[in-house]
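Quick note: the coordinates plus some simple rules give every number you see, no bench work behind them. Bear in mind the structure is a predicted one, so any value in this text is a computation, not a measurement. Cβ placement follows ideal geometry from the backbone for every residue including glycine, while neighbour counts extend to all protein chains displayed.
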Amino acid sequence: MGNAVLQFLIVILLLFIIAIPLSKYLYLAFAKEKTKLDAFFLPLEKIIYRIAGIKDLGGTNWKKYVFALI
């Protein structure tokens with residue numbers, strides 16, 4: 001019982017520690033602003049796109065959305 005409580009408290013503490021930096025990163029990422037982690041995530045993102053076969057990284061208009069739904 002004591003071990004489970006300790007594990008729970010550690011998880012809650014880790015969530016509190018990463019909450020603010022993660023929320024700042026997500027805000028900047030969705031606002032399409034530069035972040036400090038772009039040097040790490042952009043090459044990783046390109047590799048994932050290449051593996052998935054995604055070629056067009058441009059914006060999506062309504063026609064592309066409709067085609068994706070079909």
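For the chain, with a Gaussian network of springs between Cα atoms less than 10 Å apart, report the residue from LEU13, LEU26, LEU42 with the top mean-square fluctuation.
LEU13
Can you compute the helix-only [θ] at 222 nm over the chain? Use -39500 (n - 2.57) per DSSP H run of at least 4 residues, normalise by all residues, nearest 500 deg cm²/dmol.
Using -39500 (n - 2.57) per qualifying helix, the result is -25000 deg cm²/dmol.
In a shell of Cβ-Cβ distance under 15 Å around TYR27, excluding TYR27 itself, what net charge do Lys and Arg (+1) and Asp and Glu (-1) give?
Summing Lys/Arg as +1 and Asp/Glu as -1 gives +2.
Only one of the values (i) 48, 9, 6; (ii) 28, 19, 11; (iii) 36, 17, 14 was calculated from this structure for semi-axes √(5λ) of the Cα gyration tensor in Å; name its label.
The value matching this structure is (iii).
Does anyone have the angle between helix 2-30 and the longest principal axis of the chain? Alpha-carbon axes, 0 to 90°, nearest 10?
On a 0 to 90 degree scale, this one is about 30.
For LYS64, give me every one of the lysines with a C-alpha distance below 19 angstrom, ignoring sequence neighbours fewer than eight places off in its own chain.
Correct list for LYS64: LYS55.
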